[in-house]
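Trainee: One structure, as structure tokens, below. Some questions next.
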Amino acid sequence: MRNIRFGTAKAMFAATVAFTSGVGTSATAQDLGELVAPLSISYYAADFGPRFEQSSRILASEWEKLGLELNLEPIQFSTFVSTINVGGGLEDIAFVSVGSDPDRVDPTYWTYDQSACGQRRNASKWCDETYSALADAQRSMVDQTKREAAVKELQQLHFESTPWWPVTHNVFGMLWNNDKWGNVLSPSPVNPAETQVNPWLNMKPLGDDRILDWGYFEDVNTYNPLAEEGAVGWVRFIFDTFGKIDSDGSVMPWAAESWEFIDDTTLRIKLRAGMTFHDGKPVTADDAVFTLNKVIDVQPPSMAARIVTLDSAEMVDDLTFDIKMKMPDASFVTTGLPFLFILPKHLWENYEGDILARDVIEEGVVIGSGPFSFKEWRRNEVHELETHKAHWAAAEYDGLRRLSLGQPDAIRSALLSGQVDLATGILPTAAMDDLARQNESLSFVDENSHGTTMVWVNNEKAPFNDLAFRQALRQSTNKDRVIMEAHLGFANKAGSGPIPNQLSAWYDDSLPEVTFDIEAARQILADAGYGWDKQGRLHYPAD
């Protein structure tokens, strides 16, 4: 990890100018409390693209006008996920992005998983018991009108408390070699992640090259689907899920042919007939029941948020089973079915070690029923999958290689040389657009999504445990500048609440807009008793 000292004399001078021109006059030493110590901003390092450092620099330059000193701390993506996103290791501030994964079209991810007391994804460590009780209750509200009202109330409470706040919504780009590949379809309204049908399963080779080369970065920690947290979509190419998100945001049947609630707490699922695992064994309800009961028993941390309401699974016949729930769960079809997968019982039921630590590659059990089967992994170099021809939705090409190139410049060069056929995510969307304009062999599409960049702050420590400080930091978050300078215009301004405004069915558009205003932010701090010394540095309220 490299630490970048952002505080400079120039920035401190700007802070002093902003102070003397807008809010009060310099305080005397006896009027001031303790100096606010330097704060860190953690963000995804260059392996996840340049926009996170650029955005963090922009935010820091504005926040320093409040009299703060900021240090920038880039962290490699998989480390960031394990230590901060789900590891509880946020020190001060983080600028992060969460993708437009299928389950995130439901409000539970935004209102409960990221904000309720004690939830593993609640990286900002905020805890409000009243809010959390309502966030928990809305998950079991099968009455849509009541649930919408509860979700609206949650957004109001969240806005008032400001535990974290969104900055932009992602515009995802997809760039591909149109000389080699056709029928490349957009997965809108979500980004082209591996959990989607498009573009992956409908692409057609136009020549003799029947291996799709995707330029990405190294984010896989394990091919054990019970333990992987960063590359869950990639692993689900191999381990098929019961459902997938369709183009209208609904859940479409996938490994499950159909499902229905036979009562408030029992979901009956019928599997698609004729499915096989990659070793040729048939997929049955017995495999699904084994997998779900194993997951409920083990409670893998990577899956805990999605299975909290599950009690057990029971077989009905060879292709049918019931999922029993502890309580009604209005979000389960959206959050669970596109995420939960089927393990082959015959390869897992007799394993006696720590199932979460199982080395599935060493033991040769990277075997699922998905559209691709595992072939090879050379860490920080390449992941290679083969097309599972027996799959009902098998691709018309022979396999998929993910080249772990990491840096945007390397992906750009590989696209131009023909080494890479497809790029998503890591190469900035604006750069994809430019490349397509300059090269007839490259095609580009961009799509709005509910993927979100946001500011997390550690609500358990000062100064972030002070509502006034959080509100001031939010007021001085320059969303427009982040969009124009870090994303070169390829992003959308986020609204005021925790739910993305792209999810119009759930977003509360009555929330007031928080405009960027340094003077107003400084006034919030002054009204709360904070003060500035002659150097323009921010101090806590005096005792």
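The values are calculated or read from the model by the stated rules, or taken from the named source; none is laboratory data. Everything numeric in this text was worked out from a predicted model, so none of it was measured. Every residue, glycine as well, gets a Cβ built from its backbone with ideal geometry; the counts of neighbours run over all protein chains shown.
Trainee: Identify, please: which residue in segment 127-148 is in a helix (DSSP H, G or I) and of a type in the set (Asp, Glu) and is, among those, farthest from the chain's Cα centre (by Cα)?
Mentor: 129
Trainee: For residues that are touching a helix residue (DSSP H, G or I) at 6+ places or on another chain (Cβ under 9 Å) and in a loop (DSSP other than H, G, I, E, B), scanning just segment 450-465, find the one that is nearest to residue 118 (Cα to Cα).
Mentor: Keep residues of segment 450-465 that are touching a helix residue (DSSP H, G or I) at 6+ places or on another chain (Cβ under 9 Å), which gives 450-453, 455-457, 459, 462-464.
From what's left, in a loop (DSSP other than H, G, I, E, B): 459, 462-464.
Numbers: 459: 13, 462: 19, 463: 21, 464: 18 Å.
Filtering first and then ranking leaves 459.
Trainee: Within segment 86-126, how many residues are in a helix (DSSP H, G or I), touching a His at 6+ places or on another chain (Cβ under 8 Å) and within 17 Å of residue 157 (Cβ to Cβ)?
Mentor: Within segment 86-126, residues that are in a helix (DSSP H, G or I), touching a His at 6+ places or on another chain (Cβ under 8 Å) and within 17 Å of residue 157 (Cβ to Cβ) number 1.
Trainee: Which count do you get for residues in segment 281-310 that are more than 16 Å from residue 120 (Cβ to Cβ), aliphatic (A, V, I, L, M) and assigned to a helix (DSSP H, G or I)?
Mentor: 5
Residues are listed down the side, and each one gets a yes or a no for (1) modelled with pLDDT under 95; (2) not basic (Lys, Arg):
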| site | (1), (2) |
| --- | --- |
| 51 | yes, no |
| 54 | no, yes |
| 80 | yes, yes |
| 87 | yes, yes |
| 103 | yes, yes |
| 107 | yes, yes |
| 117 | no, yes |
| 121 | yes, no |
| 129 | no, yes |
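Trainee: Moving on to the next point. Between 472, 436, 430, 462, which is among the small types (Gly, Ala, Ser) and under 18 Å from residue 493 (Cα atoms)?
Mentor: Residue meeting the stated conditions: 430.
Trainee: Condition (residue is in contact with a Lys or Arg (Cβ under 9 Å, 6 or more places away or on another chain), of a type outside the set (Phe, Trp, Tyr) and either outside the structural domain of residue 500 (by TED's automatic domain parsing) or assigned to a helix (DSSP H, G or I) (or both)) applied to segment 149-159: is it met by at least one residue?
Mentor: For segment 149-159, residues in contact with a Lys or Arg (Cβ under 9 Å, 6 or more places away or on another chain), of a type outside the set (Phe, Trp, Tyr) and either outside the structural domain of residue 500 (by TED's automatic domain parsing) or assigned to a helix (DSSP H, G or I) (or both): absent.
Trainee: Please verify whether segment 311-328 includes one or more residues that are closer than 30 Å to residue 411 by Cβ, of a type outside the set (A, V, I, L, M) and outside any loop (DSSP other than H, G, I, E, B).
Mentor: Here is the first cut: in segment 311-328, the residues closer than 30 Å to residue 411 by Cβ are none.
No, every residue in segment 311-328 fails to be closer than 30 Å to residue 411 by Cβ, of a type outside the set (A, V, I, L, M) and outside any loop (DSSP other than H, G, I, E, B).
Trainee: Restricting attention to segment 56-78, which residues are among the small types (Gly, Ala, Ser), surrounded by fewer than 22 Cβ atoms within 10 Å (Cβ to Cβ) and modelled with pLDDT of 95 or more?
Mentor: 61
Trainee: Also, I was wondering about something else. Can you report the number of residues in segment 210-221 which are at pLDDT below 95 and part of a loop (DSSP other than H, G, I, E, B)?
Mentor: 5
Trainee: Tell me, yes or no, whether segment 168-191 has at least one residue that is more than 30 Å from residue 372 (Cα to Cα) and either of a type outside the set (Phe, Trp, Tyr) or outside any loop (DSSP other than H, G, I, E, B) (or both).
Mentor: Taking segment 168-191 as the starting set, the residues that turn out to be more than 30 Å from residue 372 (Cα to Cα) are 168-169.
Then keep just the ones that are either of a type outside the set (Phe, Trp, Tyr) or outside any loop (DSSP other than H, G, I, E, B) (or both); that gives 168-169.
So far as segment 168-191 goes, yes, one or more of its residues are more than 30 Å from residue 372 (Cα to Cα) and either of a type outside the set (Phe, Trp, Tyr) or outside any loop (DSSP other than H, G, I, E, B) (or both).
Trainee: Now a separate question. For segment 258-296, which residues satisfy the criterion of being under 28 Å from the mean Cα position of the chain (by Cα) and either among the charged types (D, E, K, R) or over 15 Å from residue 317 (Cα atoms) (or both)?
Mentor: The answer is 291, 292, 293, 294, 295, 296.
Trainee: Quick test of your reading of the structure: residue 516 fulfils all but one of (1) at pLDDT 95 or above; (2) in contact with a Gly (Cβ under 7 Å, 6 or more places away or on another chain); (3) part of a loop (DSSP other than H, G, I, E, B). Name the failing condition by number.
Mentor: Result: residue 516 passes all but (2).
Trainee: Continuing with this model, one more query. Kindly indicate the residue of segment 338-373 that is charged (D, E, K, R) and touching a helix residue (DSSP H, G or I) at 6+ places or on another chain (Cβ under 8 Å) and also surrounded by the fewest Cβ atoms within 10 Å (Cβ to Cβ) among those meeting that condition.
Mentor: Only one residue fits best here, namely 349.
Trainee: Right, another one. Against the definition (closer than 18 Å to residue 40 by Cα and either at pLDDT 95 or above or crowded, with 19+ Cβ neighbours inside 10 Å (or both)), how does residue 472 come out, yes or no? Let's see the steps before the verdict.
Mentor: On the way: closer than 18 Å to residue 40 by Cα: yes; either at pLDDT 95 or above or crowded, with 19+ Cβ neighbours inside 10 Å (or both): yes.
Yes.
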